[in-house]
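Everything below concerns the one structure shown next.
What follows is calculated from the coordinates using simple rules that are stated; it is not laboratory data. Note that the structure is predicted; figures quoted are calculated from it, not measured. Here the Cβ positions follow ideal geometry from the backbone for every residue, glycine too, while neighbour counts run over all protein chains shown.
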Amino acid sequence: MMNAMKSKPLAALRIRRHTAASILLVLLSTLPVVAVAGDDPSATIAPRPDVQAPITQFADAHNEAERGAALDQLAGLADTDHEMLVRQLVFFSKSASNEKETMASGAVIARLGISDLTIARALVPLLDTTDESLAKSVRNILGGVEGRAAGRRPDFSIYREMIADKLRAHGEPPAGLVRYMYESDPGEALLAMMRANQLRKPEEIRPILWAEHVVSDVLWKQRFGFLAPDAVEPAAIDELSRLSDHQAWWVRLYVAEILRQHPAFRTPQMIARLSGDPDPFVREASAGLNDQHE
Amino acid sequence: MLIQDNLAGEMEAVTAIRTCPLLIAVGLATLWIPGANRVRADSCPYACGDLDGDQTVGILDYSLFAECIGEAPSSSPTCLCADLDGSGTVDLHDFALLSLVFQATSDEAPPGCTGAIGSTADLMAYRPQHGAGYAPFIRTTIADADEEDATVGPGIRINGQGDIDPSGEDDLIEITVTIDPPGAQLALRRSAAALHAWTTRDKQAGTEIAFTSDKTAALPFAPTATELTLWIEWTSPSPGVAELDVEPVTSDVAKDTLVFHTFQSIVMALGGEDQVPSDPADPNNGTFVVATAFYSLGLDVHMYDEDNVGADGSGAVYNEVADAIQHRGVGEVVIFGYSHGGGSTYDLADLLDINRAGLGVFEITFTSYVDSVSNNSDVDVSQELRRPPSTDYHLNHYQHGSFFQDLGLDGGPVTDSNPPPTGLDVETTMWGANATHFIVDDYVQVRSLIESSLLGLVAP
């Protein structure tokens, strides 16, 4: 009698869950794809009902067993495509309506032990998105895999490998990633690109290393009060001026980005040179330098 | 109580005074007079008839007047005020003038009293702005009882040279001047040249109200208007306290006073994921409930989404604090947060501490975690167990929950925290035994301990 009494509500519950899942699948099929405009046409997050359903179940579970089952289901999916799961988790998190749902994606990633490299590979293609909200989420999560902390510059080594792969295959580095790295930390971006480009000759490496060092030293002095925020040293401007004529676009991009972020380094000569640069990245970063230069 | 008892029968006394004013006034001469010792010896600082300086002309002023009849004005500060017409004696002509302004006000002061009925004026000040207005706070008035208090009264940010104003010009304090009747000629007087007055919140050209010898000309009320909004600025780089009075153009007698003090501290409140700063705060966002309470109490509070603190501590919140330290004379920083806001509390304190050499002298006076989760990114779910670097006092609340209850999201013990030694696991208390990560910030006991701990440590 007890079993019969228990089984009836349980069966009803299963039916209700089945119905709820069906409704969820129908609803998910109507959800908009998060649009991405960039170099890579596959860089989109289209919600997959078969993945969103267990994520929802994980977040809103009614008991421990239900949450565990949802996690097992996600683990099974992740076995075949971790990067897809990461993107689906980001989609879910972005669509969340409360704190628990927002935090659920992080809990899944932690429970499944998804690596930083997987997260980076999943999200880098999304850096080109025109969806500001998605871009913000992606940048936020990537910041986490770069080991950022107060007093520590971002570690772009995880991207260096991805860029080097592209270059070895005679491809171009992902545009969104390049833009993101240089905007985040032009110096670290320069060094990451230098290594990804596999420079071998010391006489090619040293001028780049030295210039970055000299400019970083000025920024360090500004930060800690050894120089006023709007003061620079002539040696740093000389180094930047030299690099602004470098044959590699990713070196000239460094100069353009430094000038954009730190107006005190600007000179009319460098602005004129970079504004007419043949590389679109450099021209893009140089846009507006003239307007702001006084 | 004595005053109240006497005032209760004041209307009856008025009739009697008009019948035989001198007799009644003499009879009341033995009453205790509040404020009489505030009269200065060199000149009468009060309006005509207001001998006790309580900003009303009542029966108590009559009693004071009676004591001075026949006395030389120079015999006491009160008698100086009793010589309303400046004739050199306190006589019936002065009494006639006093009767004319009885239970009214005067915009004149001895010795220039003519018996003309004056205006009333009231100043009201508001708590500080944020960006282009007050959001995420609501426009909050300062209670009359607090407006002359140099601690909980009108706080103002220093708006000196170099101030970056990361959120736009928002350092001016709004005040309203209310007058009766319309057309009354009233002016502002300041006690320090640091105070400036504008008719626009963003100091548009041509909208400053000039002070000459620390007093303005008649305020620019529209012909029939009874209220005027002004914006007060503190331009000196030095902190301090200063009075702003509203008074008749024709006298130096204050009708109302605001006492401004420059903020010495700044308070940053950081919520958890999906928590949006608002006022009134969502009761489920305990951090912001506490923040709005502090704002009402007069602290310079800023509420932020925790994502405004990057994993390296940089961002809009850091910029606001750095500007306050470098350009607004702020020497005390308070940071508190819940969940990822706790993790961001650590990151912000860490960057501030690292950058001390470039920022200047300041203390991180108070920090607080409520179930703090590290915030290296939105998907970071690890515990934040590090004490915020260089904080003088750290309060820590946490719970341990379960995977089912709260996805395993937990704060935890933090070395050298309060309550000692590592903070309070609320699940060890009667009231918090069923806590989960998602409700731990909402307990009144948690909020109250943050409030009481901070208020004992930080000056506004």
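Suppose every K and R has +1 on its Cβ and every D and E has -1 on its Cβ; what is the size of the dipole of region B:193-285 about the Cα centre, in Debye to the nearest 20?
320
Taking the alpha-carbon set of region B:312-403, what are its Rg and Dmax in Å?
Both quantities, over Cα of region B:312-403: 13.4, 47 Å.
Measure off 7 Å from each Cα along the Cα-to-Cβ vector at B:Thr415 and A:Arg153, then give the distance between these two points in nanometres to one decimal.
3.0
Stick to the Cα atoms of region A:55-163, pair each with every other, and give me the Kirkwood hydrodynamic radius in Å at one decimal.
Final number for the Kirkwood radius of region A:55-163 is 14.7 Å.
Rounded to the nearest 20 debye, what is the charge dipole size of chain B about its Cα centre when +1 sits on each Lys and Arg Cβ and -1 on each Asp and Glu Cβ?
With Lys and Arg at +1 and Asp and Glu at -1, about 700 debye.
Note the full-extension length gain between B:Thr429 and B:Arg386 as 0.36 nm times their separation in residues minus their Cα-Cα distance, in nm to one decimal.
This chain segment gains 13.1 nm when fully extended.
Report, to two decimal places, the Cα Rg of region B:251-303 normalised by 2.2 N^0.38 Å (N = number of residues).
1.60
At a Förster distance of 30 Å, what's the computed FRET efficiency of B:Asp149 paired with B:Leu228, Cβ-Cβ distance as r, to 0.05?
On the way: r = 24 Å, r/R0 = 0.79.
So, using R0 = 30 Å, E works out to roughly 0.80.
How far is it, in nm, from the label point at B:Ala132 to the one at B:Ser448 when both lie 7 Å from their Cα along the line to the Cβ?
The modelled label-to-label distance comes out at 4.1 nm.
What is the calculated FRET efficiency for B:Asp282 to A:Ala272, with r their C-beta to C-beta distance and R₀ = 45 Å, to the nearest 0.05?
The computed FRET efficiency comes out at 0.25.
Could you work out the mean count of beta carbons from other protein chains within 10 Å of each residue's beta carbon in B:378-388?
The shielding value for this peptide is 5.
I'd like the mean, over residues of A:53-64, of how many other protein chain beta carbons sit within 10 Å of each residue's own Cβ.
Average per residue, whole number: 1.
On each of the three principal axes of the Cα atoms of chain B, give max minus min coordinate, whole Å, ordered largest first.
Sorted largest first, the three principal extents are 87, 52, 38 Å.
Between region A:226-240 and region B:382-418, what is the C-alpha centre distance in whole Å?
Computed from Cα coordinates, the inter-centre distance equals 43 Å.
How big is the dipole moment of the protein assembly as shown about its Cα centre under a simple scheme where the beta carbon of each Lys and Arg is +1, that of each Asp and Glu is -1, and everything else is neutral? Debye, nearest 20, please. Walk me through the intermediate numbers first.
Details: 50 positive and 107 negative charges, 604 e Å.
Roughly 2900 debye, rounded to the nearest 20.
Give the long-range amide H neighbours of B:Gln383: residues separated by 5 or more places, or on another chain, with amide H under 5 Å away, using H modelled in the peptide plane at 1.01 Å from N.
B:Ser374
Of B:Pro420, B:Ser99, B:Ala184, which is farthest towards the positive pole of chain B's charge dipole, taken about the Cα centre with +1 and -1 on the beta-carbons of Lys, Arg and Asp, Glu respectively?
Most positive-ward Cα: B:Ser99.
For peptide A:83-96, what's the mean number of Cβ atoms from other chains within 10 Å of each residue's Cβ?
On the way: counts 0, 0, 0, 1, 0, 0, 1, 2, 0, 0, 4, 1, 0, 2.
That average works out to 1.
With θ taken as phi - 60° and the coefficients 6.51, -1.76 and 1.60, list the Karplus ³J(HN,Hα) couplings across region A:148-160 in order, rounded to whole Hz; mark glycine and proline as x.
Values per residue, Gly and Pro as x: 5, 7, 4, x, 10, 6, x, 9, 8, 4, 5, 8, 4 Hz.
Within the protein assembly as shown, count lysine pairs with alpha carbon atoms under 26 angstrom apart where the residues are 8 or more positions apart or belong to different chains.
For the protein assembly as shown, the number of qualifying lysine pairs is 6.
Given the C-alpha atoms of the protein assembly as shown, compute the convex hull and give its volume per residue in Å³. Display every interim value, and only then the final one.
On the way: hull volume 173.9 nm³, N = 754.
Looking at the protein assembly as shown, the number lands at 231 Å³ per residue.
If we count other beta carbons within 10 Å of each Cβ, what is the order of B:Thr226, A:Thr130, B:Thr105, fewest first?
With the fewest neighbours first, B:Thr226, A:Thr130, B:Thr105 line up as A:Thr130, B:Thr226, B:Thr105.
Only helical DSSP H runs with n ≥ 4 go in: add -39500 (n - 2.57) per run for the protein assembly as shown, normalise by residue count and round the 222 nm mean residue ellipticity to 500 deg cm²/dmol.
-12500 deg cm²/dmol, from helical runs alone.
Which translational diffusion coefficient, to the nearest whole µm²/s, is obtained for region B:290-359 from the Stokes-Einstein equation, given a Kirkwood hydrodynamic radius over C-alpha pairs, 37 °C and 0.692 mPa s?
For the chosen part, D equals 263 µm²/s.
Taking only C-alpha pairs under 8 Å that are 6+ residues apart, what is the relative contact order of region B:109-166 in percent?
27
Regarding region B:78-119, what whole-number volume in Å³ per residue does the convex hull of its Cα atoms give? Walk me through the numbers on the way to the answer.
Details: hull volume 2.4 nm³, N = 42.
With only Cα atoms used, region B:78-119 gives 58 Å³ per residue.
Would you please give the FRET efficiency between A:Leu117 and B:Arg139, computed as 1/(1 + (r/R0)^6) with r the Cβ-Cβ distance and R0 = 56 Å, to the nearest 0.05?
Rounded to the nearest 0.05, the efficiency is 0.65.
Quick one: work out Rg over Rh on the C-alpha atoms of region B:73-154, Rh as Kirkwood radius. Don't jump to the answer; show the numbers that get you there.
On the way: Rg = 20.3 Å, Rh = 15.9 Å.
Checking Rg against Rh, the ratio lands at 1.27.
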